[in-house]
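Report on the structure given below.
Rule-based calculations on the coordinates, nothing more; no lab input. Here the structure is a predicted model, which means the values were calculated and not measured. When we count neighbours, we look across all protein chains shown, and the Cβ atoms used for this are built from the backbone with ideal geometry, even at glycine.
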Amino acid sequence: MTSVEATPQLARGGLFALGLAAVRFRNPWTKTYTETKERVINLEEVTWHDNANDCWIIIYDRVYDITKFLQQHPGGMDVLLENAGRDVTLAFRGTGHSSAAVDALQKYYIGRLPWSECIYRKPGGIILSNLPE
Ligand code: HEM
């Protein structure tokens, strides 16, 4: 039963997988990560910068020193301090920040997580289309 009836289905499944793989490798819009010389900061280090005088956060595997931005944040200082020394990617996304807010991040960028701790970016991996640079 398995071999005769399942064969066309398996073949179709195989062809579909091949098609997906082809799109993955031929898609001109697919960018991949390469090694760079950015400063690498691990999660443990970030956790020490968790107060109003020294505040780091992580968004999309990137580390930002926002100490000087705390007072300027249109959403207030408290929401930032609640997340000081931690990953705020989902909070940042969830509050629907504008592209101007995303661009503003660059000013505070100080480094990235080691690849072993990254969950959004990987060397050789696909860059999600909605991930800010
Ligand atoms: C460095 C990181 C951040 C930057 C550069 C930033 C920037 C901004 C900017 C420019 C706005 C004005 C509206 C807009 O343009 O989208 C804003 C609003 C806001 N942000 Fe942030 N933000 C950051 C992190 C966060 C985080 C982590 C949270 C939540 C935990 C948050 C919560 C809010 C809220 C609730 C507002 C709305 C304020 C209102 O409309 O009254 N922000 N932010």
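Straight-line reach only, C-alpha to C-alpha below 13 angstrom: list the aspartates and glutamates that LYS37 could link to, leaving out same-chain residues fewer than 8 apart.
Partners found: none.
In segment 87-123, which trypsin sites (Lys or Arg not before Pro) are in a loop and have at most 15 other Cβ atoms within 10 Å, using DSSP for the loop call?
Within segment 87-123, no trypsin sites (Lys or Arg not before Pro) qualify (loop, at most 15 other Cβ atoms within 10 Å).
I need the peptides 55-62, 78-85, 99-106 ranked by packing, meaning the mean over residues of other C-beta atoms within 10 angstrom, with the highest value on top.
The peptides rank, most packed first, as 55-62, 78-85, 99-106.
Which order do TYR120, TYR64 fall in if you start with the one that has the fewest other Cβ atoms within 10 Å?
Least crowded to most crowded, the residues run TYR120, TYR64.
What is the sum of charges around ASN53, taking Lys and Arg as +1, Asp and Glu as -1, for the other residues whose C-beta is under 14 Å from the C-beta of ASN53?
Its environment carries a net charge of -2.
For segment 56-73, just list the computed ³J(HN,Hα) in residue order, Karplus coefficients 6.51, -1.76 and 1.60, θ = phi - 60°, integers in Hz, with x standing in for Gly and Pro.
Values per residue, Gly and Pro as x: 10, 9, 10, 10, 6, 6, 10, 9, 10, 9, 9, 3, 6, 8, 3, 6, 8, 5 Hz.
Quick check: pseudo-label points 7 Å beyond the Cα along Cα→Cβ at ALA100 and MET77, how many nm apart are they?
Modelled inter-label distance: 2.3 nm.
Run the simple label-point estimate for LEU131 and GLU45 please: 7 Å along Cα→C-beta, distance reported in nm.
Roughly 2.0 nm, to one decimal.
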